[in-house]
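Presented below is the structure to which this report refers.
The values are calculated or read from the model by the stated rules, or taken from the named source; none is laboratory data. Note that the coordinates shown come from a computational prediction; the quantities given were computed from them, not determined experimentally. Quick reminder, even Gly has a Cβ in these numbers, built from the backbone with ideal geometry, and neighbours come from all protein chains shown.
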Protein chains: 2
Amino acid sequence: MPKRVDHEERRAQIAEALIRVAGRRGLHAVGMREVAAEAGVSLRLVQYYFETKEKLLFYGLRHLTDRFTARVGARLAAAGPEPGPRATVEALLLASLPTDEESRTFHLLYSSYAILSVTDGALAAQPFIDNPDAAENALAGLLEQAQAAGLADPEADARTEAISLLAMAATLGTSILVGQRSPESAIAVLRHHLDRIFTTATRAPARVGR
Amino acid sequence: MPKRVDHEERRAQIAEALIRVAGRRGLHAVGMREVAAEAGVSLRLVQYYFETKEKLLFYGLRHLTDRFTARVGARLAAAGPEPGPRATVEALLLASLPTDEESRTFHLLYSSYAILSVTDGALAAQPFIDNPDAAENALAGLLEQAQAAGLADPEADARTEAISLLAMAATLGTSILVGQRSPESAIAVLRHHLDRIFTTATRAPARVGR
DNA sequence: TTCTTCGTGGTACGACCGTATCACTAATAT
DNA sequence: ATATTAGTGATACGGTCGTACCACGAAGAA
């Protein structure tokens, strides 16, 4: 055999080319030839590692969400060694807004995939149920923690607020994408609701009880 | 000349065929031949009334928003002869959720067009700025009215709340579309925020001051 | 070394798409 | 009555797309 190449690595390389091309020209407009050219390989190679376009798209979605999850994790880590609940929630929500090229591409493509999954049964709709559910559960958990620690309004319904915050972040992100809203105004709206949910003492993490 | 047909009427007929087929198979998958077949006319006819596909899609978007605007108006009219501010706002928000076939199609296609406009410069992005702005202004106005009438929390920031409500309604709608959330739970989330903004006395429109 | 098999390139095929062309019909204006 | 023209049908053209096919080199196995 020849070079004995790492298939998974090759697939990732091609998937990133797909993401770049789709981010520029739209998911609907990507063809296998263009992905191959962007990745610097031949059309045959793309066929070889992903037998069909459907599998390529499927893998691309997986790769996209993986990259985004890693990015959000990095943002959280960058938020400091031991951030308060509010800082964590805020970092989580703001990380999903399309404020730079990478998050812009993510938002655009994830939305494209989601819309596509409604009519094209081939693309599994499951990722668009499981991922949001996971995010919702994580956020609801954080809010409950904050409530238990006396840092958030104990009257609030944590799950409903989690759903609401994520829902707002998603549409605000799209508004930024289409140029209707500035990132700053989107952030202001989200902060407004965080101020409502979290008790104000949280902002400067007063060293009480610790 | 032959039949002397009404062009505008014909265009509307073809646009509705476009909307039907796009609602079934996705906006990206519609071709002029399929639209023609759905409308019961020949391919040449579609070419004749819309010279190019781009113009057909453009007209289709306009037709879609017009139909939806009319629908929301009808919903408002059906909400009673003199509804309170809360009933009006609630009707407005719930009318935009994809709960039946027509609103489902609208939500799907409007989202598809919006996402498409991000990468395809040909489709004007302006409708996706102007329409949301108008909705936001209308809703903010309603909330201010309610505040002035003492029916809503005077401390609330009407514009921020309007943006938030519309943002939530949009994402909740998409969640319904992809099957993540039930219409009932989406409605519950929206009602939760309406309860927060409006003073409870509003629900039964007490005949005070009138 | 020889044989097998993985990786790779080039290219062709068949289908579909948007658009263009040509012809024909029928209603109106003169 | 006839010339004109809006409306309509059938069909062809050029391009692109996803996929299939064929051939070859190179690395490990025998």
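When A:Arg191 is evaluated against the numbered criteria (1) at pLDDT below 95; (2) assigned to a helix (DSSP H, G or I); (3) basic (Lys, Arg), which criterion, by number, is the only one it fails?
Only one criterion in (1) at pLDDT below 95; (2) assigned to a helix (DSSP H, G or I); (3) basic (Lys, Arg) is unmet by A:Arg191, namely (1).
Does A:Pro98 qualify as being surrounded by 17 or more Cβ atoms within 10 Å (Cβ to Cβ), within 14 Å of chain B (Cβ to nearest Cβ) and away from DNA strand D (no atom under 16 Å from the Cβ)?
Details: surrounded by 17 or more Cβ atoms within 10 Å (Cβ to Cβ): yes; within 14 Å of chain B (Cβ to nearest Cβ): yes; away from DNA strand D (no atom under 16 Å from the Cβ): yes.
Here the answer is yes, as A:Pro98 does meet what is asked.
Report yes if some residue within segment A:38-45 is of a type in the set (Val, Ile, Thr) and touching a residue at least 24 places away in the same chain (Cβ under 8 Å); otherwise report no.
Yes; the residues of segment A:38-45 include at least one that is of a type in the set (Val, Ile, Thr) and touching a residue at least 24 places away in the same chain (Cβ under 8 Å).
Does A:Asp153 count as of a type in the set (Asp, Glu) and within 7 Å of chain B (Cβ to nearest Cβ)?
no
Can you tell me which of (1) within 27 Å of B:Asp100 (Cα to Cα); (2) more than 13 Å from chain A (Cβ to nearest Cβ); (3) surrounded by fewer than 15 Cβ atoms within 10 Å (Cβ to Cβ) is the one B:Leu142 doesn't meet?
Unmet condition: (3).
Among the listed residues B:Ala36, B:Ala15, B:Ala91, identify the single one that is away from chain A (no Cβ under 14 Å), of a type outside the set (Asp, Glu) and more than 16 Å from DNA strand C (Cβ to nearest atom).
B:Ala91
One residue is enough: does segment B:44-54 have a residue meeting the conditions more than 10 Å from DNA strand D (Cβ to nearest atom) and part of a helix (DSSP H, G or I)? Before you say what the answer is, go through the steps one by one.
Taking segment B:44-54 as the starting set, the residues that turn out to be more than 10 Å from DNA strand D (Cβ to nearest atom) are B:50-54.
This time we only want the ones that are part of a helix (DSSP H, G or I), so: B:53-54.
Scanning segment B:44-54 turns up at least one residue that is more than 10 Å from DNA strand D (Cβ to nearest atom) and part of a helix (DSSP H, G or I).
Give the residue, chosen from A:Leu61, A:Leu93, that is touching a helix residue (DSSP H, G or I) at 6+ places or on another chain (Cβ under 7 Å), over 24 Å from A:Gln180 (Cβ atoms) and assigned to a helix (DSSP H, G or I).
Details: A:Leu93 fails: over 24 Å from A:Gln180 (Cβ atoms).
Testing whether each residue is touching a helix residue (DSSP H, G or I) at 6+ places or on another chain (Cβ under 7 Å), over 24 Å from A:Gln180 (Cβ atoms) and assigned to a helix (DSSP H, G or I) leaves just A:Leu61.
So, in segment A:122-132, of the ones that are more than 9 Å from chain B (Cβ to nearest Cβ) and surrounded by 18 or more Cβ atoms within 10 Å (Cβ to Cβ), which residue ends up nearest to A:Arg62 (Cα to Cα)?
Per the stated criteria, the residue is A:Pro127.
Please work out which one of (1) under 13 Å from B:Leu109 (Cα atoms); (2) surrounded by fewer than 17 Cβ atoms within 10 Å (Cβ to Cβ) is the condition B:Lys55 fails and give its number.
(1) is the only condition that B:Lys55 fails.
Quick check on segment A:5-22. Is at least one of its residues at pLDDT below 95 and either part of a loop (DSSP other than H, G, I, E, B) or closer than 24 Å to B:Ser112 by Cβ (or both)?
There is at least one residue in segment A:5-22 that is at pLDDT below 95 and either part of a loop (DSSP other than H, G, I, E, B) or closer than 24 Å to B:Ser112 by Cβ (or both).
Can you confirm whether A:Arg71 is away from every other protein chain (no Cβ under 14 Å), closer than 24 Å to A:Ile197 by Cβ, of a type in the set (Lys, Arg) and away from DNA strand D (no atom under 13 Å from the Cβ)? Talk me through it step by step, then tell me what you get.
Values: away from every other protein chain (no Cβ under 14 Å): yes; closer than 24 Å to A:Ile197 by Cβ: no; of a type in the set (Lys, Arg): yes; away from DNA strand D (no atom under 13 Å from the Cβ): yes.
When the stated conditions are applied, A:Arg71 does not pass them.
Does A:Gly26 meet the test of being within 14 Å of another protein chain (Cβ to nearest Cβ), at pLDDT 95 or above and within 16 Å of DNA strand D (Cβ to nearest atom)?
Criteria met by A:Gly26.
In the set B:Thr160, B:Thr119, B:Thr199, which member is of a type in the set (Val, Ile, Thr), over 24 Å from B:Gly23 (Cβ atoms) and facing chain A (nearest Cβ under 10 Å)?
Checking each option against the conditions leaves just B:Thr160.
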